[in-house]
Amino acid sequence: MIQGRSNFVYRIKDTNTFVSFDKKDQYDVTPIHVDVNIVAADILDVEAFKAWRPEYNDAEFILNDKGQYVCGWAIEKMSKSMFNVVNPDMIVEKFGADTLRLYEMFLGPVEQSKPWDTNGIDGCHRFLKKLWGLFYDREGNYIVTDDAPTAEQEKSLHKLIKKVTQDIEQFSYNTSISAFMIAVGELQKCHSKAILRDLTVLIAPFAPFIAEELWHTLNGNGNVNGNSVFDAQWPAWDESKMKDSEITMPVQFSGKTRFTMQVPADASKDDVEKLALADERTARYTDGKQIIKTIVVPGKIINIVVK
């Protein structure tokens, strides 16, 4: 059984007046199913509702304090009688086919049944706009460069390559898309062609239309050797580029954490101890006290014992 998100409007008894969900308890109302295609994020398009059926042409509305009509909702069997059947053509027209494709995979594991609910589809649309923004600025100028990527940018990319490659093998598409959203957020200031090329190849199975378009722009508005993005070599991850160059370690004084500090990930115990003792913040907590010993647990904590 396919389930979907139904929406309701609330008609006041013996009237053609409808009251917003957050004010319905003040009246004697009857819930009525409404076409979910004229509802966005549970907010009713009042004018579309009036045009929906002849008996609602002269409908009146009691809105909430924000001037909106909020609909109620429930998860029910998807059925024309409940007006909760979503027309994919309308979604494609408004958001594009790639957004619909992404959102279908983002809803959850493919092997699980889940209700169709378009309330979060705009999040996938915003993600694709952020991805596009790595290639073009708001004025439409192409901003990709040949600059070498930073170590942090390479780290974000290679973590994504590993995650997506493994997730595809397990049909775990929803977690892949989550990883894409995190990576694109981390790469907002990255316009390096070396990074964006692999990113475009990675997104292609999920958003093929935007990927093909971006692939053309990366290669001078023409495919490399006449090939499309789907002929490109799938990128491989490099474990060495996924390692942190620095780690955050809490600094304790007699067991009480006072601050944190960044230290090189490969620093020895002696080096970490020297960095902690040399930190200007340490002086505030050791002033007038004797340092008995310093305990360093690599990658965990620095504990300076004082008395």
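Details
- Odd one out for Leu102, checked against (1) under 30 Å from Phe180 (Cβ atoms); (2) open to solvent by less than 50 Å² (accessible area, probe 1.4 Å); (3) modelled with pLDDT under 90; (4) not acidic (Asp, Glu): (3)
- Ala232 being among the small types (Gly, Ala, Ser), modelled with pLDDT of 90 or more and within 22 Å of Asp98 (Cα to Cα): yes
- Put simply, of Val85, Val39 the only residue that is more than 15 Å from Asn119 (Cβ to Cβ), modelled with pLDDT under 95 and within 27 Å of the chain's Cα centre (by Cα) is Val85.
- Among (1) touching a residue at least 60 places away in the same chain (Cβ under 8 Å); (2) in contact with a helix residue (DSSP H, G or I) (Cβ under 8 Å, 6 or more places away or on another chain), the one test that Arg258 misses: (1)
- Matching entry among Lys256, Lys307 (being among the basic types (Lys, Arg), at pLDDT 90 or above and open to solvent by 40 Å² or more (accessible area, probe 1.4 Å)): Lys256
- Remark: Ile168 falls outside the filter, which requires a residue to be among the β-branched types (Val, Ile, Thr) and either closer than 16 Å to Lys129 by Cβ or in contact (Cβ under 8 Å) with a residue 40 or more places away in the chain (or both).
- There is at least one residue in the range 143-156 that is touching a strand residue (DSSP E or B) at 6+ places or on another chain (Cβ under 7 Å) and assigned to a helix (DSSP H, G or I).
- The condition (being under 30 Å from Met105 (Cα atoms) and free of Cβ contacts under 8 Å to residues at least 12 places away in the same chain) is satisfied by just one residue among Glu280, Glu213: Glu213.
- Considering the conditions (1) more than 30 Å from Val164 (Cβ to Cβ); (2) touching a strand residue (DSSP E or B) at 6+ places or on another chain (Cβ under 9 Å); (3) open to solvent by 50 Å² or more (accessible area, probe 1.4 Å); (4) not polar (S, T, N, Q), Ala278 is excluded by exactly one of them, (2).
- Count of the range 37-95 residues which are open to solvent by 50 Å² or more (accessible area, probe 1.4 Å) and touching a helix residue (DSSP H, G or I) at 6+ places or on another chain (Cβ under 7 Å): 10
- Matching entry among Ile177, Ile195 (being in contact with a Pro (Cβ under 7 Å, 6 or more places away or on another chain), part of a helix (DSSP H, G or I), of a type in the set (Val, Ile, Thr) and under 30 Å from Glu246 (Cβ atoms)): Ile195
- Flag for Phe171 being among the aromatic types (Phe, Trp, Tyr), over 14 Å from Ala236 (Cα atoms), open to solvent by 30 Å² or more (accessible area, probe 1.4 Å) and not in a helix (DSSP H, G or I): yes
- Any hit, the range 245-253, residues being open to solvent by 70 Å² or more (accessible area, probe 1.4 Å) and either more than 27 Å from the chain's Cα centre (by Cα) or on the phi > 0 side of the Ramachandran plot (or both): no
Here is a yes/no grid of residues against (1) closer than 22 Å to Ile210 by Cβ; (2) in a helix (DSSP H, G or I); (3) out of contact with any Lys or Arg (no Cβ under 6 Å at 6 or more places or on another chain):
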{"site": "Asn84", "(1), (2), (3)": "no, no, yes"}
{"site": "Glu93", "(1), (2), (3)": "yes, yes, yes"}
{"site": "Gly108", "(1), (2), (3)": "no, no, no"}
{"site": "Gly120", "(1), (2), (3)": "yes, yes, yes"}
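The values are calculated or read from the model by the stated rules, or taken from the named source; none is laboratory data. Everything quoted here is computed from the prediction, not taken from an experiment. Cβ atoms come from the backbone with ideal geometry, glycine included; neighbour counts cover every protein chain shown. To get the accessible areas, we keep the full protein, side chains included, count just its heavy atoms, and leave off ligands, DNA and RNA. Shrake-Rupley method; radii C 1.70, N 1.55, O 1.52, S 1.80 Å.
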